[in-house]
Amino acid sequence: MQDDAKTKGQLIIELKALRKRLAAIDVAGERQVGTSQRTFPASNGSNEELRESEELLRIFIERSPAAFAMFDREMRYLSASRRWLSDFNLGESDLRGVSHYEVFPEITERWKTVHRRGLAGEVVRADNDRFERADGSVQWLRWEVRPWRNQAGDIAGIVIFSEDITQLKNAEAERARLKAQNWQLQKAESLGRMAGAIAHLFNNHLTVVIGNLEMALMDLSGDAVIREDVIEAMRAARQSAEISELLLSYLGQSTAKHEPLDLSDVCRHNLPMFRDAVPEGVALETDLLSPGPVAHANANQMRQVLTHLVTNGWESIRHRAGTVTLTTRIIPAFDIPKPHLAPIDWKPTADLFACLEVTDTGCGIAEEDLGKIFDPFFTTKLTGRGLGLAVVLGIVKTWGGAIDVESQQNKGSTFRVFLPLITGELPRPSENATEVHQVEQGGTVLLVEDQDMVRKMAKTMLHRMGYEVVAASGGAEAVKLFRKNPDRVRLVITDLTMPGMNGWETMAALRKIRPHIPVVLVSGHDEAHAMGRDYPEQPHVFLHKPYFKSDLEAAIDTALKKSVSNG
């Protein structure tokens, strides 16, 4: 900016000096410049001096690094620098005598007002001005308009200094975009850490609640009045466990099996449920490919995705008549829109994508809210809601996909889920189910759990299942107890996240004493998150908190079977 101002100042000084020199030259008659005429009063100079000054002026204009042009009072060109011609894509045109408004017919009345202000003697400047060209392109300009005067002191025209700052503005816009993207990534990471921590703590407490409620139910007689109250408490605990699962789904952490799914078939299968749920006045329409696009997903989770998106659609219509439309299609990667795509750092991994689209004619989403709609518990509806779209994003992330939203207030919204397209026939489920045999219960279990309430509950539950329990509050204590009589312990159940030695370290230390000891690894995190790294020692079974008595029995049974089959 300072260099630009210095350049312009120098140009003005040099132009004034040239005008004084021209004014001192005695010229008889008039000088023609294109179709315009300028009259210079006679002086005692010679024609040779005039030609010398004109040549100096021509060289100055041609060699100047600045973009500027001189105009007469009718806004006809007197001269223009090469940079001016270059910046405005005018080639090497000879513009002398040509009207500025003929060269740029797209000039608005605002610009003409600026020119009139300059011709009235005012200096006008702008640092960031948007100029739309006739071809639809946009230039950003930094400019200054100054009047110039003849020998008599009258304003004879204006000089326009201009600098094309389009590249600078584009660079600033790109920096702003990257900054916003980085902020979104940091926010997502922060929310992810928070959601993961909440889910982990929540699951620990729910393990205690569910386990003790189950044991209380076992102790209550069938006709006990209090039994119904405990059952209601158990139902609420199960629902709380589902909320915890939703938080893990938001994080993209899921143990659900992925399989090839026909998206159109999934939509058709769930249509009756959706039609029963939508309120009166809302029509549910479809435009489904047959056969539909196929993608790797999970049927139960896909039902969750559809339920959240369809519910979001009809709730946005509220008490008016409207339509929610389900559409399936195939989209090439280059046609996937970018402005409101999540996750923001997602990149296509295929050439073609299966697309599930849910469109509504509801109230739409405010522009300032579009960047927040996938945040957990963000809602413009009732407080306490707002996990739906966050869960949809988390599920879609686990499938390697993305979700896009387009919306206009009072016109509706469209959500599009993009999943990598797969080809080939759908696999048929196996007709021969594997028969499961229970192994003999009993023996000693080494229970490693740092949370007192969880350890107490699990110990009681194991006692009721017929096992003796040696309990340890951490990895170091577990190793000490195990070393005393390693052959006595039939199975180890250890928590993953513990102070000091974690579950992985505890398992490795125990197997140094007795290789191949059966281990059940327990965590409030999901299996994909907990088992995501390549550890040298692996558990026989992973058990996710909160668990029910039947889950614990099945985990122990599987671990003991695996230990027998592996020798």
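The values are calculated or read from the model by the stated rules, or taken from the named source; none is laboratory data. Computed from a predicted model, the values in this text were never measured in an experiment. Cβ coordinates were reconstructed from backbone atoms using ideal geometry, including for glycine residues, and neighbour counts include every protein chain displayed.
Brief remarks on what is shown
- Any chance Thr328 is within 22 Å of Leu389 (Cβ to Cβ), surrounded by 15 or more Cβ atoms within 10 Å (Cβ to Cβ) and in contact with a Pro (Cβ under 9 Å, 6 or more places away or on another chain): yes
- Condition met for Glu228 (modelled with pLDDT of 70 or more, over 28 Å from Asp452 (Cβ atoms) and in a helix (DSSP H, G or I)): yes
- Count of residues meeting criterion [touching a strand residue (DSSP E or B) at 6+ places or on another chain (Cβ under 6 Å) and part of a loop (DSSP other than H, G, I, E, B)] in segment 496-516: 1
- Yes/no for Glu122 being surrounded by fewer than 18 Cβ atoms within 10 Å (Cβ to Cβ) and not hydroxyl-bearing (Ser, Thr, Tyr): yes
Conditions (1) free of Cβ contacts under 8 Å to residues at least 24 places away in the same chain; (2) touching a helix residue (DSSP H, G or I) at 6+ places or on another chain (Cβ under 9 Å), marked per residue:
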| site | (1), (2) |
| --- | --- |
| Glu280 | yes, no |
| Val305 | no, yes |
| Val310 | no, yes |
| Trp314 | no, yes |
| Ile336 | no, no |
| Asp360 | no, yes |
| Asp369 | yes, no |
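- Any strands (runs of 3 or more DSSP E) falling wholly within segment 235-321 and containing at least 3 residues that are modelled with pLDDT of 85 or more and closer than 29 Å to Gln409 by Cβ: 282-287
- Selection status of Pro486, over 18 Å from Leu462 (Cβ atoms), within 40 Å of the chain's Cα centre (by Cα) and without any contact (Cβ under 8 Å) to a residue 60 or more places away in the chain: no
- Within segment 69-80, the set of residues being surrounded by 15 or more Cβ atoms within 10 Å (Cβ to Cβ) and in a loop (DSSP other than H, G, I, E, B) comprises just one member, Met75.
- Number of the exception - Leu447 against (1) in contact (Cβ under 8 Å) with a residue 40 or more places away in the chain; (2) surrounded by fewer than 17 Cβ atoms within 10 Å (Cβ to Cβ): (2)
- Enumeration of residues in segment 96-118 that are buried (at least 20 other Cβ atoms within 10 Å of the Cβ) and more than 20 Å from Arg130 (Cβ to Cβ): none
- Screening Val124, Val145, Val103, Val114 for residues that are touching a Leu at 6+ places or on another chain (Cβ under 8 Å), in contact (Cβ under 8 Å) with a residue 12 or more places away in the chain, over 30 Å from His340 (Cα atoms) and aliphatic (A, V, I, L, M) leaves exactly one candidate, Val103.
The rows are residues; the columns are (1) under 14 Å from Ala295 (Cα atoms); (2) more than 17 Å from the chain's Cα centre (by Cα).
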| position | (1), (2) |
| --- | --- |
| Leu326 | no, yes |
| Ile331 | yes, yes |
| Phe334 | no, yes |
| Asp345 | no, no |
| Ala354 | yes, yes |
| Thr361 | no, yes |
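- Of the strands (runs of 3 or more DSSP E) lying entirely inside segment 81-168, those carrying at least 3 residues that are closer than 18 Å to Phe71 by Cα and either at pLDDT 90 or above or in contact with a Ser or Thr (Cβ under 8 Å, 6 or more places away or on another chain) (or both) are 138-149, 155-164.
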